[in-house]
1. In Å², and per residue, what accessible area does the range 197-335 have when probed at 1.4 Å with the other protein chains present?
2. For the range 86-142, treating each Cα as an identical point scatterer without solvent, what Debye log10 I(q)/I(0) comes out at q = 0.29, 0.30, 0.31 1/Å?
3. Grab the DSSP H runs of the chain that are 4 residues or longer, score each as -39,500 (n - 2.57), total them, divide by all residues and round the 222 nm result to the nearest 500 deg cm²/dmol.
4. Using the C-alpha atoms of the range 1-125, what convex hull volume per residue, in cubic angstrom, is computed?
5. Distance in nm between label sites at Val366 and Val57, each 7 Å beyond Cα in the beta-carbon direction?
6. Mind checking the dipole of the chain: about its Cα centre, +1 per Lys or Arg Cβ, -1 per Asp or Glu Cβ, Debye to the nearest 20?
7. Eigenvalues of the Cα gyration tensor times 5, then square-rooted: what semi-axes does that give for the chain, in whole angstrom, largest first?
8. What ranking do 264-274, 89-99, 31-41 get when scored by the average of other Cβ atoms within 10 Å per residue, highest first?
Amino acid sequence: MGRLPAAVALGSLFNPLNSSMIAVALAHIEAEFHVGIAAVTWLAAGFYLTGIMVPPVMGTLADRLAPRLVFCAGLVTMAVTGVLAALAPSFPALVVVRLLQAFGSCATMPAGMAIVQAVMPGEDGRPPPRVIATISMVLTASAAAGPVLGGFLVSFWGWQAIFLVNVPLAAVALVAALRWLPKVRVDGRSQALLPRLRPQLLATCGQFALVNVVFYSAFFVVPLWAQRSAGVPAHIAGLLVLPMAGLAIVMTPVAVALAARAGMRTVLVASATLLLGGSCLLLGVGPVWLVPAVAALLGVASALSQFGLNSLVFVHADRRDTGVAVGFFQSSRYVGAATASTLLGVLFDGKGMTGSGWTMAAVSAVVLVAGSLLPVRRPVSTASGGDRSGP
């Protein structure tokens, strides 16, 4: 992996990591501030609602101003909010800082991918598949590893540690960004405040939102169920979803090879099939030992869908609007995540995962149908110069 993709991947991991790491801390924060489950889930839902609105704005700033500046500003915000959250004197103050944290974490991915697309365009107009795969792997693995890391941090140092860990990580990422990210000249022709978004791009973002309803439902319901119903400590509850992180890393190169050999459609359908299988298996979870099997299926599905759908963003987006296109794609992650956290408050009763399992299975079935219909090639037109999407 080159220095540029490494710097972008390192800076982009904060958003998915912090979106899922909070899962194992909710019970502890609820107990410390004496708020109910409905109130404490706002630490998740508020992060996701911010994640819906802010990435397109950050992508627009990256496309119109300076992507390197936007990227570094996001990292500084992550470090500052990490300290402020740990020192929050009240629950409302913690919620406010959490929203600011979400704001900072939304800056790096759109800005970073705008730099990658400007510096490393492939022959088909997209960054090389290995670059997309590397960054997708880091995003997927960091989201899946969040509950694991968060579980250990909460168990040994308290809930404040899930915020403080961002400080050294942001410092390392900022040094890498300042050394390895080039200054990219903004294309003066891209001055529209609201760029034109192709229907195919919006369909890709919608598919990613549905996929994340399933993933984040698992991220939240499994640790909460394990702690409340099975009496599992926080660090063990986080480990239950570890297979999602491990397989997301291992299977991403497989996703690249599968796309090259069988085409992107196969990647999308295979991902949705595994997503449906994992959701259905969740319906039978009673003993704790079945949970890793569910996590394994969802981990493979995560690797395939993250790479496949992330690749399609560059197929359907105008190159001059890469930042805002990636911003909308990032927003769609949190449309799904916010939906999942909202459903958690409605469906989770602390005794079982049936309600969440049925919901995940239903959404996965829709994903499977949509994956069979989603366009995977850029339409031939005089504007695009033909089909450049590849397999």
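The values are calculated or read from the model by the stated rules, or taken from the named source; none is laboratory data. In this text the structure is predicted, and so the values were computed from the model without any measurement. Note that we place each Cβ from the backbone using ideal geometry, even for glycine, and neighbour counts take in every protein chain shown. Only protein heavy atoms, including side chains, enter the accessible area calculation; ligands, DNA and RNA are left aside. Shrake-Rupley method; radii C 1.70, N 1.55, O 1.52, S 1.80 Å.
1. The answer is 29 Å² per residue.
2. Log10 of I(q)/I(0), two decimals: -1.12, -1.15, -1.17.
3. It comes out at -25500 deg cm²/dmol, rounded to the nearest 500.
4. Hull volume normalised by residue count: 114 Å³.
5. The modelled label-to-label distance comes out at 2.7 nm.
6. 940
7. With the √(5λ) rule applied to the chain, the semi-axes are 32, 25, 17 Å.
8. The packing order, highest mean first, is 264-274, 89-99, 31-41.
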